[in-house]
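Structure, as structure tokens:
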Amino acid sequence: MDASYRRGGGGGGGGGSAPRSVEEIFKDFRARRSAILRALTHDVEDFYAQCDPEKENLCLYGYANEAWEVALPAEEVPTELPEPALGINFARDGMNRRDWLALVAVHSDSWLVSVAFYYAARLNRNDRKRLFGMMNDLATVYEVVSGSRQSKERDRSGMDNSSSRNKMSSKHTSEVARVENNVREADEGYDEDDGDHAETLCGTCGGIYSADEFWIGCDICERWYHGKCVKITPVKAESIKQYKCPNCSTNKRPRQ
């Protein structure tokens, strides 16, 4: 593939003028993203072999015709389009293969966004916002390659779940935060410690923990209870500085 095509040609789907509208720029972004993804997944063995650390600085290019190429960077300065990360081949043998591919993926995501917004420079504010929204609806290259795919829909679902969990008192949500990975860490009272309460049972009825219900934890024995089982509402829990479950309220110094 010739250098002129790599540096600026092929915009908007394989040739001709550069993309100008939101739809055209998104189409270009999606095609380049598909090319990068193929290099790092389906064609990964070929890509890995081409990134020889003994060669000069190499870059991974994704084109608007969904082809990819490992090649030297453009020679002219400034370049006609933003350039991808330089020298991706040098770290290949010095890193775990999976980590190296993830690193290339991160740099590729950055490059894809830079190319899209290079084309979007003449768009107005609302069109740029719409373009970013369309791009953000797609999983990033890093999310796909690393296996930690987090689509916008999943993020939105996590935020909705967070809202329902906030029915619990701010004092006692710190323990719940250890179990629920997608609870907002910015909320008051959250601890950074990890824990696993997936099998937590209500100390009264024996029911399994559910984030959809209000639970409260005893500060003495550290057992958890349905609010309804111990007759504590979220509003009432807000005014409790130290909660003692019914058992601990009748015992002087219970032990775990």
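Considering the range 72-100, and only residues there that are among the small types (Gly, Ala, Ser) and closer than 28 Å to Gly147 by Cβ, the residue that is most open to solvent (accessible area, probe 1.4 Å) turns out to be Gly94. When the range 31-87 is limited to residues that are under 20 Å from Ala116 (Cβ atoms) and of a type in the set (Val, Ile, Thr), the one that is farthest from the chain's Cα centre (by Cα) turns out to be Thr79.
In summary, helices (runs of 4 or more DSSP H) completely within the range 104-171 and bearing 3 or more residues that are at pLDDT 90 or above occur at 125-136, 141-146. How about the range 101-143: which of its residues are without any contact (Cβ under 8 Å) to a residue 12 or more places away in the chain, open to solvent by less than 40 Å² (accessible area, probe 1.4 Å) and more than 16 Å from Leu37 (Cβ to Cβ)? Within the range 101-143, just Gly133 meets the criteria. Pairs linking a residue in the range 72-96 that is assigned to a loop (DSSP other than H, G, I, E, B) to a residue that is polar (S, T, N, Q), with Cβ atoms under 7 Å and 6 or more positions apart or on different chains, are Leu72/Asn57; Pro73/Asn57; Pro82/Ser114; Pro84/Ser108; Leu86/Asn57; Gly87/Asn57.
Every residue, every condition in (1) modelled with pLDDT of 95 or more; (2) surrounded by 20 or more Cβ atoms within 10 Å (Cβ to Cβ); (3) part of a helix (DSSP H, G or I), yes or no:
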position: Met1; (1), (2), (3): no, no, no
position: Tyr5; (1), (2), (3): no, no, yes
position: Gly12; (1), (2), (3): no, no, yes
position: Arg33; (1), (2), (3): yes, yes, yes
position: Ile36; (1), (2), (3): yes, yes, yes
position: His42; (1), (2), (3): no, no, no
position: Glu56; (1), (2), (3): no, no, no
position: Leu60; (1), (2), (3): yes, yes, no
position: Ala64; (1), (2), (3): no, yes, no
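Condition (residue is touching a strand residue (DSSP E or B) at 6+ places or on another chain (Cβ under 7 Å), under 15 Å from Val141 (Cβ atoms) and aromatic (Phe, Trp, Tyr)) applied to the range 68-90: is it met by at least one residue? So far as the range 68-90 goes, yes, one or more of its residues are touching a strand residue (DSSP E or B) at 6+ places or on another chain (Cβ under 7 Å), under 15 Å from Val141 (Cβ atoms) and aromatic (Phe, Trp, Tyr). Yes or no: Pro19 outside any helix (DSSP H, G or I), within 21 Å of Met95 (Cα to Cα) and touching a residue at least 24 places away in the same chain (Cβ under 8 Å)? No: the conditions fail for Pro19.
The values are calculated or read from the model by the stated rules, or taken from the named source; none is laboratory data. Keep in mind that this is a model prediction, so the values were computed, not measured. Backbone-built Cβ (ideal geometry, glycine too); neighbour counts: all protein chains shown. In case anyone asks, the SASA skips ligands and DNA or RNA and just uses the protein heavy atoms, side chains included. Shrake-Rupley method; radii C 1.70, N 1.55, O 1.52, S 1.80 Å.
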